[in-house]
1. What ranking, highest mean first, results for peptides 113-119, 161-167 when packing means the other Cβ atoms within 10 Å averaged over each residue?
2. Please report the spacing between the Cα centers of segment 134-172 and segment 25-104 in Å, no decimals.
3. So, by mean Cβ neighbours within 10 angstrom, what's the order for 74-82, 169-177 with the highest one leading?
4. How many percent of the accessible area of segment 45-106 is carbon or sulfur, using a 1.4 Å probe?
5. For segment 78-88, what does the Karplus curve 6.51 cos²θ - 1.76 cosθ + 1.60, with θ = phi - 60°, yield as ³J(HN,Hα) per residue in whole Hz, taken in order and with x for Gly and Pro?
6. Tell me which residues come under 5 Å, amide H to amide H, from residue 107 once H is placed; ignore anything under 5 positions away on its chain.
7. Give me the Å³ per residue figure for the convex hull around the C-alpha atoms of the chain.
8. About the Cα centre of segment 4-208, how large is the charge dipole given +1 on each Lys and Arg Cβ and -1 on each Asp and Glu Cβ? Please answer in debye to the nearest 20.
Amino acid sequence: MSGIFLTFEGIDGSGKSTQSRLLAGHLEAAGFEVVLTREPGGSPGAEDIRRLLVEGEPGRWSAETEILLFTAARRDHLERLITPALEAGKIVICDRFADSTRVYQGATRGDLRATVDALHVQMIGREPDLTLIIDMDPDIALERGLARGSGEDRFEEFGAQFQHKLRAGFLGLLEDFPDRTCLIDGTQGAQDVGREIASLVDTYIAARA
Ligand code: TMP
């Protein structure tokens, strides 16, 4: 039996993490076994790599080096957590996955999308079953993201123009992967967004059954 792999994507401050938690609660209440996880991170080794990536100066790594580090973290996460959970028939909800690398590393500081995709095929070779892309005005999202003061602001420090490029990149994924991506309006209140997502995922699961 194979599980279901759901991912959330969007710019920093779009509300993905809140929505991942709400969806996990909704599916658990419906009786599913759920694994809620995130990238970069999700396994002890990948969490170590996360700290290298999200802390420090924006110019600390080139986009090329980031591609390698994010892919290394993803490989460990996949081997140790995601694949075993899916093989056990669980629903895996992941806050970001390879689409974030396609956008953050592949489409912001030069056109590195082909490099991202080639390494993905070699080292990961797995796409989500369903990807929820939360759309949000980048200026509002950036304020929300920086207001958190998490100390993990390396990508937010690239500034507003970078966030606008990211939004365009995420919208582009809808055309690249029309079969598995859905756009969600993140400007409504969190509970309303949560209800919309819950209903969409319920419909998806019912159609698969
Ligand atoms: P988070 O704030 O959603 O936990 O993600 C941490 C940062 O890492 C966020 O600014 C997006 C960035 N990121 C990438 O640049 N590439 C990736 O592949 C992933 C997964 C995240």
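1. Details: 113-119: 16.3, 161-167: 18.1.
Per-residue Cβ counts within 10 Å, averaged per peptide and sorted highest first, yield 161-167, 113-119.
2. Taking the Cα centre of each part, segment 134-172 and segment 25-104 sit 19 Å apart.
3. Those peptides, ordered most packed to least, come out 74-82, 169-177.
4. Details: 1220 of 2350 Å².
Answer for segment 45-106 is 52 percent, counting heavy atoms of protein chains only.
5. Listing the rounded values in order: 5, 4, 8, 10, 5, 4, x, 5, 5, 5, 7 Hz.
6. 112
7. Values: hull volume 23.6 nm³, N = 209.
In the chain, the Cα convex hull volume per residue is 113 Å³.
8. Numbers: 23 positive and 35 negative charges, 62 e Å.
Roughly 300 debye, rounded to the nearest 20.
The values are calculated or read from the model by the stated rules, or taken from the named source; none is laboratory data. Predicted, not measured: the structure shown is a model, and the values here were computed from it. Positions of Cβ are backbone-derived with ideal geometry, glycine not excepted, and every protein chain shown enters the neighbour counts. Areas reflect the complete protein model, heavy atoms only, side chains present, ligands, DNA and RNA absent. Shrake-Rupley method; radii C 1.70, N 1.55, O 1.52, S 1.80 Å.
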